[in-house]
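Taking it in order: structure first as structure tokens, then the write-up.
The values are calculated or read from the model by the stated rules, or taken from the named source; none is laboratory data. These numbers were taken from a predicted model, which means no experiment stands behind them. Virtual Cβ from ideal backbone geometry, glycine too; neighbours counted across all protein chains shown.
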Amino acid sequence: MFLRQPGEEWITMRYEQEEISWAGSVKKVFEYFTQRTPRSNFEQRETSLVWNYKYADVQFGRNQATDLLQHLGAYSLSNQSSVIVQGSRSIEVRPTGVTKGKAVDEIIRELDLRNTMATPIDYVLCIGHFLAKDEDIYTLPSFDVQPGAKRKGKGCQAEDCSSVKFDLNPKNYFSCTVGREHSVAQYNLEGTNEVVSLLQDL
């Protein structure tokens, strides 16, 4: 995740997560199916592994994806702290609990620790194209807190939550998906050109 304070440079933020002990076995499975599926590819990201079959033959790709999921369930992910996320033409394996909503929680915590928020936020605008698994970012998990109160966001325990100086009215939280017909977001933009136009208008 990336955060930039007004007038400062972008910084990279990382939050604690369990060691990805399953990565080796999952990587072998993904490499195997990449070899046997023409025009598919395998990507190793910082916190996840992804197999894409967007450019493969449609029916053959679906059949291979079904077979791959069976391999993951039977051999690679038994009793492991990971989750399988299916996209429209991709399969991703990542640690349990690694979501965009979790990232927002950590950014808010960082803002609080820096003690930079002296007054309530006017509004929050959240725009993105996310898998269904990541749409928790649209549900306002961490802003319903009065100044000086303990945070009550998802996954937050009373003993380890810092005092967050946010007092945002849910009506001032605007969520917007990009290019998706079905979403829990309030609004929809057709593509990146509309995103740019909106930001320019603002």
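Apart from one condition, Glu106 fits all of (1) within 30 Å of Val58 (Cβ to Cβ); (2) surrounded by 14 or more Cβ atoms within 10 Å (Cβ to Cβ); (3) at pLDDT 65 or above; the exception is (1). Considering (1) at pLDDT 95 or above; (2) assigned to a helix (DSSP H, G or I); (3) out of contact with any Phe, Trp or Tyr (no Cβ under 7 Å at 6 or more places or on another chain), say which one Val26 fails and leave the rest. Every condition holds for Val26 apart from (1).
Residue count for region 16-62, restricted to those that are closer than 17 Å to Gly87 by Cβ and either among the hydroxyl-bearing types (Ser, Thr, Tyr) or surrounded by fewer than 14 Cβ atoms within 10 Å (Cβ to Cβ) (or both): 14. When restricted to residues that are hydroxyl-bearing (Ser, Thr, Tyr), at pLDDT 75 or above and either more than 28 Å from Ile11 (Cβ to Cβ) or part of a strand (DSSP E or B) (or both), region 67-103 contains 3. Taking the listed residues Glu19, Glu31, the one that is modelled with pLDDT under 90 and charged (D, E, K, R) is Glu19, with no other qualifying.
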